[in-house]
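Engineer: Handing you a structure now.
The values are calculated or read from the model by the stated rules, or taken from the named source; none is laboratory data. Small disclaimer: the values here were computed from a predicted structure and weren't measured. When we count neighbours, we look across all protein chains shown, and the Cβ atoms used for this are built from the backbone with ideal geometry, even at glycine. When the accessible area is computed, the model is the full protein with side chains, heavy atoms only, and any ligands, DNA or RNA have been set aside. Shrake-Rupley method; radii C 1.70, N 1.55, O 1.52, S 1.80 Å.
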Amino acid sequence: MSKNEINLKPTRMRTHPHTTRSRLMLEVASALVNRRDFPYLQARVSLREQGSGDWPMTLFASDSPAAVQEVAEGRVQFAIINPSMVLKLAALGSAPFKAPIPVRAIAVLPSLDSMLFAVKQETGLKSFGDIRARKFPLRVSLRGQPDHSLHVIVNHVLEAAGFSLDDIASWGGQVRYDAGMAYGPNRIGAFQRGEIDAIFDEGATTWGNMALELGMIFLSLDDSMLERLEALGLRRGLIQQRHFPKLAGDVPTLDFSGWPIYTHRDTTDVMVEDFCRALELSKDRIPWAEEAPLPLAQMVRDTPDGHLEVPLHPAAERFWRQCGYLP
C-alpha cells in the first residue's frame, strides 16, 4: 500500500480495559438519546489519550451557528449544522460571523427543506413590502430556541425587505419566541386560538399544509430580495405547488436543506481520515430519515437535498474517492 492509499478494512473489535470504560459510556449515551422521553438529546464527545491533559478531538452533534466559532477556535474538530447554507455565511464572513472562517465539509446528511413565511390571509398582506409599507402590527411566532439558524435567516430576510423585528414591535405588533416546532400547540395552536397572525419557520413539509388548511398564505421573496440574500451566501429555494395542493402556484423562498458535517481547513489529514473511516464503518448503524444505511455516496456530493456550500476537506475528498463515492 502506498502512502497515499487509505486502508478501508475495519479494525477488529477487541476487549481492552482501556476501551471498556469509554465504550460503556458511549453505548449508554446512545441508548439514552434514543429514548423519546429523555430530555437531553444533544451529544458532545471528547477523546484523548488516557491521562493526557488535552482533549485533541471533540465531536459535537450541534445544530446552530454558535458551534462554527468553536470549530474556528479549535475547541471542536467535527460538528454538524442545519441548514447547509449557514456554512456559506461563515465562509464569506456574513452575519452573524465577523470574518471569513475556513470551514470544510466532511459530508452532508440529506434533508430537503424550505423556509416558510406564513401569515393570516385576513391581514391582506401579500409581500414583505406590504408589511413595511403598511407598518403592519404583525403578531409573529418564532421558534423559542435562541441559537437556531432560522433566527439568523429571518433577520437577513427582514433586512433585505427594509425592516426588522424591532420595527414590527414599534408598529404595535408582537414578536413571540414560542417553544416547540411550528406544528405544535404553542405555534400553529396559537394561530388557531387567534393569538398570532404569522409563523416564520423551517420544516415546510411538517406544517405547511396545516397552515394552508387553516387559512394562512405564504409570503414569497421577490427577485431583488433573493439577489441580496444570495450575495450574503444564502440559497434561494422554491415551495412547490405539487407538494402543497392549496397553493395557487410555486412560492419563491429560501432553501433550508442539508445537515453538513464539517471541520476546519487546518484539521489534520490523519484526524479527518480517522473520522471518515469511522463514519464509513458505522453507516449501517446510524439512524437518519430513512430505514436504510447512511447514503454516503450521495452525502459527499452537492445534491438538492444536501448542498456542499463549502469544499470538502482534502483528506475527506481523498477518502471518499478511495471508497468509490467520487470519480
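Engineer: Checking the condition of a type outside the set (Val, Ile, Thr) and outside any helix (DSSP H, G or I), which residue from Leu294, Leu279 passes?
Structural biologist: Numbers: Leu279 fails: outside any helix (DSSP H, G or I).
Matching residue, one of Leu294, Leu279: Leu294.
Engineer: Separate question: Look through segment 148-194, keep the residues that are hydroxyl-bearing (Ser, Thr, Tyr) and under 29 Å from Asp223 (Cβ atoms), and return whichever of them is nearest to the chain's Cα centre (by Cα). Break it down into steps so the answer makes sense when it comes.
Structural biologist: Filtering segment 148-194 down to residues hydroxyl-bearing (Ser, Thr, Tyr) leaves 149, 164, 170, 177, 183.
With under 29 Å from Asp223 (Cβ atoms) added as a condition, the list becomes 149, 164, 170.
On the way: Ser149: 7, Ser164: 23, Ser170: 31 Å.
Among those residues, the one meeting the criterion is Ser149.
Engineer: Restricting attention to segment 73-91, does a residue exist that is touching a residue at least 12 places away in the same chain (Cβ under 8 Å) and more than 18 Å from the chain's Cα centre (by Cα)?
Structural biologist: Taking segment 73-91 as the starting set, the residues that turn out to be touching a residue at least 12 places away in the same chain (Cβ under 8 Å) are 74-91.
In the following step, the residues that additionally are more than 18 Å from the chain's Cα centre (by Cα) were identified as 74-75.
Among the residues of segment 73-91, at least one is touching a residue at least 12 places away in the same chain (Cβ under 8 Å) and more than 18 Å from the chain's Cα centre (by Cα), which makes the answer yes.
Engineer: Go over the candidates Arg277, Arg285, Arg301 one by one and state the one that is more than 21 Å from Leu87 (Cα to Cα), open to solvent by 70 Å² or more (accessible area, probe 1.4 Å) and not small (Gly, Ala, Ser). Can you show your working first?
Structural biologist: On the way: Arg277 fails: open to solvent by 70 Å² or more (accessible area, probe 1.4 Å); Arg301 fails: more than 21 Å from Leu87 (Cα to Cα).
The match here is Arg285.
Engineer: Can you find even one residue in segment 18-28 that is within 30 Å of Met210 (Cβ to Cβ), surrounded by fewer than 13 Cβ atoms within 10 Å (Cβ to Cβ), modelled with pLDDT under 95 and of a type in the set (D, E, K, R)?
Structural biologist: Restricting attention to segment 18-28, the residues satisfying the condition of being within 30 Å of Met210 (Cβ to Cβ) are none.
Scanning segment 18-28, I find no residue that is within 30 Å of Met210 (Cβ to Cβ), surrounded by fewer than 13 Cβ atoms within 10 Å (Cβ to Cβ), modelled with pLDDT under 95 and of a type in the set (D, E, K, R), so the answer is no.
Engineer: Moving on to the next point. For segment 72-93, enumerate the residues that are touching a strand residue (DSSP E or B) at 6+ places or on another chain (Cβ under 9 Å) and open to solvent by less than 10 Å² (accessible area, probe 1.4 Å).
Structural biologist: Passing the criteria: Val76, Phe78, Ala79, Ile81, Pro83, Ser84, Met85, Val86, Leu87, Ala90.
Engineer: Follow-up question, since we're still on this one. Go through the residues of segment 320-327 one by one and say whether even a single one is free of Cβ contacts under 8 Å to residues at least 60 places away in the same chain, open to solvent by less than 30 Å² (accessible area, probe 1.4 Å), touching a strand residue (DSSP E or B) at 6+ places or on another chain (Cβ under 9 Å) and not aromatic (Phe, Trp, Tyr).
Structural biologist: Yes: segment 320-327 contains one or more residues that are free of Cβ contacts under 8 Å to residues at least 60 places away in the same chain, open to solvent by less than 30 Å² (accessible area, probe 1.4 Å), touching a strand residue (DSSP E or B) at 6+ places or on another chain (Cβ under 9 Å) and not aromatic (Phe, Trp, Tyr).
Engineer: Can you tell me which residue is nearest to the chain's Cα centre (by Cα) among those in segment 94-141 that are within 16 Å of Glu309 (Cα to Cα) and open to solvent by less than 10 Å² (accessible area, probe 1.4 Å)?
Structural biologist: Residue satisfying both the conditions and the ranking: Val108.
Engineer: Exactly one of these conditions fails for Gln241: (1) open to solvent by 20 Å² or more (accessible area, probe 1.4 Å); (2) in contact (Cβ under 8 Å) with a residue 24 or more places away in the chain; (3) touching a Gly at 6+ places or on another chain (Cβ under 6 Å). Give me its number.
Structural biologist: Of (1) open to solvent by 20 Å² or more (accessible area, probe 1.4 Å); (2) in contact (Cβ under 8 Å) with a residue 24 or more places away in the chain; (3) touching a Gly at 6+ places or on another chain (Cβ under 6 Å), only one is false for Gln241: (2).
Engineer: Additional query: Go through segment 288-298 and count every residue that is farther than 21 Å from Met57 by Cβ, aliphatic (A, V, I, L, M), open to solvent by less than 70 Å² (accessible area, probe 1.4 Å) and touching a residue at least 24 places away in the same chain (Cβ under 8 Å).
Structural biologist: The qualifying residues number 1.
Engineer: Follow-up. With the requirement that a residue be over 26 Å from Arg236 (Cα atoms) and either among the basic types (Lys, Arg) or surrounded by fewer than 18 Cβ atoms within 10 Å (Cβ to Cβ) (or both), what does segment 304-319 give you? Step through it out loud before you land on a result.
Structural biologist: First, pick out the residues of segment 304-319 that are over 26 Å from Arg236 (Cα atoms): 314-319.
Pro314, Arg318 - these are the residues of segment 304-319 that are over 26 Å from Arg236 (Cα atoms) and either among the basic types (Lys, Arg) or surrounded by fewer than 18 Cβ atoms within 10 Å (Cβ to Cβ) (or both).
Engineer: When you look at Leu247, is it open to solvent by less than 20 Å² (accessible area, probe 1.4 Å), under 22 Å from Val86 (Cβ atoms) and either free of Cβ contacts under 8 Å to residues at least 12 places away in the same chain or not polar (S, T, N, Q) (or both), yes or no?
Structural biologist: Details: open to solvent by less than 20 Å² (accessible area, probe 1.4 Å): yes; under 22 Å from Val86 (Cβ atoms): no; either free of Cβ contacts under 8 Å to residues at least 12 places away in the same chain or not polar (S, T, N, Q) (or both): yes.
Spelling it out, it is not the case that Leu247 is open to solvent by less than 20 Å² (accessible area, probe 1.4 Å), under 22 Å from Val86 (Cβ atoms) and either free of Cβ contacts under 8 Å to residues at least 12 places away in the same chain or not polar (S, T, N, Q) (or both).
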